[in-house]
1. Report yes if some residue within region 162-172 is open to solvent by 30 Å² or more (accessible area, probe 1.4 Å) and under 17 Å from VAL206 (Cα atoms); otherwise report no.
2. Output the residues belonging to region 128-139 that are in contact (Cβ under 8 Å) with a residue 60 or more places away in the chain and either over 17 Å from ILE151 (Cα atoms) or in contact with a Pro (Cβ under 9 Å, 6 or more places away or on another chain) (or both).
3. Quick check on region 58-83: of everything there that is of a type in the set (Ser, Thr, Tyr) and open to solvent by less than 20 Å² (accessible area, probe 1.4 Å), which residue is nearest to GLU198 (Cα to Cα)?
4. I need the full set of residues from region 49-64 which are within 10 Å of the ligand (Cβ to nearest atom) and not β-branched (Val, Ile, Thr), in order please.
5. Listed residues GLU109, GLU157, GLU116, GLU86; which is charged (D, E, K, R), open to solvent by 10 Å² or more (accessible area, probe 1.4 Å) and closer than 25 Å to GLY193 by Cα?
6. Within region 101-124, can you find the residues that are within 13 Å of the ligand (Cβ to nearest atom) and either of a type in the set (A, V, I, L, M) or within 23 Å of PRO145 (Cα to Cα) (or both)?
7. Would you pick out the residues in region 119-142 that are open to solvent by 60 Å² or more (accessible area, probe 1.4 Å) and closer than 20 Å to SER174 by Cβ?
Amino acid sequence: MEDSYRHKGMRRRLVNEIRKKGILDEKILEAVYAVPRHLFLDSGFLNYAYEDKPFPIGAGQTISQPYTVAFQTELLQVQEGDKVLEIGTGSGYQACVLAALGVEVYSVERQKKLYEKARDFLPKLGFHVHLFYGDGYLGLPQFAPFDAVLITAAAPEIPQTLFDQLKTGGRLVSPVGEGDVQTMIRFHKEKDGRIIEERFGKFRFVPLLKNTADD
Ligand code: SAH
């Protein structure tokens, strides 16, 4: 579990790269810098850890591309102390970036192995995140309402339950679509309960699946 000057240097270069790609919020760039991404990959893959690319993490899933993590984080418009629900813990990397911003993160994962790995690993890194094994379609009604909801898998459509668990004035960010490529959408919950959406270009995510799985 080493985070050396070399790793930090690689991370600084990664941060500069995603800044050039258009992420301008320095707090978010610092949060990316604060999370040692190489420790989320098996140790043989150090050279891939600080490339701005997604990477397989087992169970047929991927750790998102750092630019995409930063971009979704920016769209969420969170502040320190906000309560955020993430659907799709995966490696836990995105959850740690949010935690590094001072956000209180509640994250749900449907694959038991990934949930268990993140549950054991994140505290070792010093990140405090509330992790749950379950079906993200249901959200976490017992901890609602949330200031923001982040879906890190491609949703064919957004489950109404997740809008219900969002505060008035809250944002829900998700890639939406059924094909290989989806549209990133930010939904706003207005005072009168209406949902307004803004679109932010094309991304590739693994699909949001119904129910839990043990594989
Ligand atoms: N945020 C992750 C990347 C997630 S990849 C990271 O930073 O590494 C998408 C994840 O969503 C996968 O781990 C997948 O198992 C999970 N997933 C898919 N459908 C789900 C559902 N209905 N509920 C919870 N998690 C789900």
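The values are calculated or read from the model by the stated rules, or taken from the named source; none is laboratory data. These figures come from a predicted structure and were not determined experimentally. Heads up, the Cβs are rebuilt from the backbone with ideal geometry, glycines too, and the neighbour counts pull from every protein chain shown. Note: areas computed on protein heavy atoms with side chains; ligands, DNA, RNA excluded. Shrake-Rupley method; radii C 1.70, N 1.55, O 1.52, S 1.80 Å.
1. no
2. Filtering region 128-139 down to residues in contact (Cβ under 8 Å) with a residue 60 or more places away in the chain leaves 133-137.
Selection gives GLY136, TYR137.
3. We begin by selecting, within region 58-83, every residue of a type in the set (Ser, Thr, Tyr); these are 62, 64, 67-68, 73.
Filter once more, keeping what is open to solvent by less than 20 Å² (accessible area, probe 1.4 Å): 68, 73.
Numbers: THR68: 17, THR73: 15 Å.
Here the residue is THR73.
4. Of the residues in region 49-64, the ones within 10 Å of the ligand (Cβ to nearest atom) are 54-55, 57-64.
Scanning region 49-64 gives PRO54, PHE55, GLY58, ALA59, GLY60, GLN61, SER64.
5. On the way: GLU109 fails: closer than 25 Å to GLY193 by Cα; GLU116 fails: closer than 25 Å to GLY193 by Cα; GLU86 fails: open to solvent by 10 Å² or more (accessible area, probe 1.4 Å).
After applying the criteria, what remains is GLU157.
6. To start, the set of residues in region 101-124 that are within 13 Å of the ligand (Cβ to nearest atom) comprises 105-118, 121-122.
Across region 101-124, the qualifying residues are VAL105, TYR106, SER107, VAL108, GLU109, ARG110, LEU114, TYR115, ALA118, LEU122.
7. Correct list: LEU138, PRO141.
One line per residue, one yes/no per condition, for (1) on the phi > 0 side of the Ramachandran plot; (2) in contact with a His (Cβ under 9 Å, 6 or more places away or on another chain); (3) open to solvent by 60 Å² or more (accessible area, probe 1.4 Å); (4) assigned to a helix (DSSP H, G or I):
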position: ARG19; (1), (2), (3), (4): no, no, yes, yes
position: LEU24; (1), (2), (3), (4): no, no, yes, no
position: ALA31; (1), (2), (3), (4): no, no, no, yes
position: PRO56; (1), (2), (3), (4): no, no, yes, no
